[in-house]
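Trainee: Quick one: the structure is below, and I'll ask about it shortly.
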């Protein structure tokens, strides 16, 4: 019983305080991000990655603090965490192009420079067509009934493009979250 009284009870109390603080911090940060998103009128799809990153950061910090309360060597935990984060960083560099397209997708959804159904033409080259699909990596442009152009989403931030608003458009966020794209009818031949 003396072992429980001498070291365990304070550790349990410290752990409870750390966990309660982590939960309170998460709730406060989540509400803050949601309020800023509503005020800035950002779509839920664009804000979700920020919320997930903050959630997992709070969880990792809370776990490290709890491990410290129970006597784990935080230096070795931090060293291991640094090694893992370094490997993750190297992985991100290796898939930078894909990551760039994913981030650009969220920016396209947030700022809505075009909608599915609009006609897009890139200035200075021959890329043009009607937007028929958007996914996390590519935007599909229909050239005619039988031909499409697949454009990586980061191209929209590297080149100037013209937009002609279509007559039957679908918001990008709505189109991206659907299992089956709800797209305007295909272009007739020759248009």
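Any read-out appearing in this document is the output of simple, stated calculations on the displayed coordinates, not a laboratory observation. From a predicted model like this one, the values you see are computed outputs, not experimental measurements. Note: ideal-geometry Cβ built from the backbone for every residue, glycine included; neighbour counts use all protein chains shown.
Trainee: How much length, in nm to one decimal, is gained on full extension between residue 127 and residue 27, taken as 0.36 nm per residue of separation minus their Cα-Cα distance?
Mentor: Length difference between fully extended and current span is 31.4 nm.
Trainee: Moving to a separate point now. Using alpha-carbon positions, what is the distance between the centroids of the range 117-180 and the range 1-67, in Å?
Mentor: Computed from Cα coordinates, the inter-centre distance equals 40 Å.
Trainee: Give me 160, 74 ranked fewest to most by other Cβ atoms within 10 Å of their Cβ, as a rough exposure proxy.
Mentor: Numbers: 160 9, 74 13.
Listing 160, 74 from fewest to most nearby Cβ atoms yields 160, 74.
Trainee: Could you work out how much longer the chain between residue 16 and residue 77 gets when fully extended? Use 0.36 nm per residue separation minus the Cα distance between them, nm to one decimal.
Mentor: So the extension gain works out to 19.9 nm.
Trainee: Here's a follow-up. Could you work out [θ]222 nm for the chain from helices alone, using -39500 (n - 2.57) per DSSP H run of at least four and dividing by all its residues? Round to the nearest 500 deg cm²/dmol.
Mentor: On the way: 5 runs with 101 residues, N = 191.
Taking each H run of at least 4 residues, the total per residue is -18000 deg cm²/dmol.
Trainee: Which of rounded, prolate, oblate describes the range 1-98, given a ≥ b ≥ c as roots of the alpha-carbon gyration tensor eigenvalues and a/c under 1.5 marking rounded, otherwise prolate only if a/b is larger than b/c?
Mentor: Oblate shape, in that a/c is at least 1.5 and b/c is the bigger or equal ratio.
Trainee: Kindly identify the range 111-177 as rounded, prolate or oblate by the Cα gyration tensor criterion: order the square roots of the eigenvalues as a ≥ b ≥ c, call it rounded if a/c is under 1.5, otherwise compare a/b with b/c, prolate if a/b is larger, else oblate. Could you put the intermediate results ahead of the total?
Mentor: Details: a/c = 1.33, a/b = 1.16, b/c = 1.14.
Rounded shape, in that the Cα axes give a/c under 1.5.
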